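Encoded as structure tokens, the structure appears first; notes follow it.
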């Protein structure tokens, strides 16, 4: 395992800036669950992180808050839960730092306009033909 968590090409977080907590997992599992601390929580304090630039820090704080936290208790192995926690933290930070493309407004097609108008005409005809039945016998 390396001493850096690679987020993007230009951004990596040193593992010593992460705060780890271990606790007992809940749920079924018998005696194993009652004596081993396999639940893993990893936290990154964005304000104290020296590896982030001001724009990166601002973007993460806007999207995730000042403390980014991931909790994993998927497996019975603390080591595997640690790996999963790092992967999830990496993905969470990667998504927060990603640039979102602006949606370019598109023009409605001619066919869609014609379909809409045809539906309006059809609906109008239905409503126009409703009404009291006249007895012109």
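For beta carbons closer than 7 Å, sequence separation of 6+ or different chains, a first residue in segment 31-44 that is closer than 25 Å to residue 90 by Cβ and a second that is modelled with pLDDT under 85 and crowded, with 19+ Cβ neighbours inside 10 Å, the qualifying pairs are 38/25; 39/25. Within this structure, residue 84 fails the test of being closer than 23 Å to residue 23 by Cα and touching a helix residue (DSSP H, G or I) at 6+ places or on another chain (Cβ under 7 Å).
Between 132, 105, the distinction of being over 36 Å from the mean Cα position of the chain (by Cα) and loosely packed, with under 10 Cβ neighbours inside 10 Å belongs to 132 only. Among the residues examined, residue 73 does not qualify as touching a residue at least 12 places away in the same chain (Cβ under 8 Å), touching a helix residue (DSSP H, G or I) at 6+ places or on another chain (Cβ under 9 Å) and loosely packed, with under 14 Cβ neighbours inside 10 Å. Every condition in (1) modelled with pLDDT of 90 or more; (2) out of contact with any strand residue (DSSP E or B) (no Cβ under 8 Å at 6 or more places or on another chain); (3) closer than 15 Å to residue 18 by Cβ is met by residue 70 except one, and the failing one is (2).
Residues of segment 41-63 that are touching a strand residue (DSSP E or B) at 6+ places or on another chain (Cβ under 9 Å) and within 18 Å of residue 6 (Cα to Cα): 42, 43, 44, 45, 46, 49, 50, 51, 52, 53, 56, 60.
Within segment 16-38, restricting attention to residues that are surrounded by 10 or more Cβ atoms within 10 Å (Cβ to Cβ), at pLDDT 75 or above and more than 21 Å from residue 65 (Cβ to Cβ), the residue that is farthest from the chain's Cα centre (by Cα) is 36.
The values are calculated or read from the model by the stated rules, or taken from the named source; none is laboratory data. Note that the structure is predicted; figures quoted are calculated from it, not measured. Cβ: placed from backbone, ideal geometry, glycine included. Neighbour counts: every protein chain shown.
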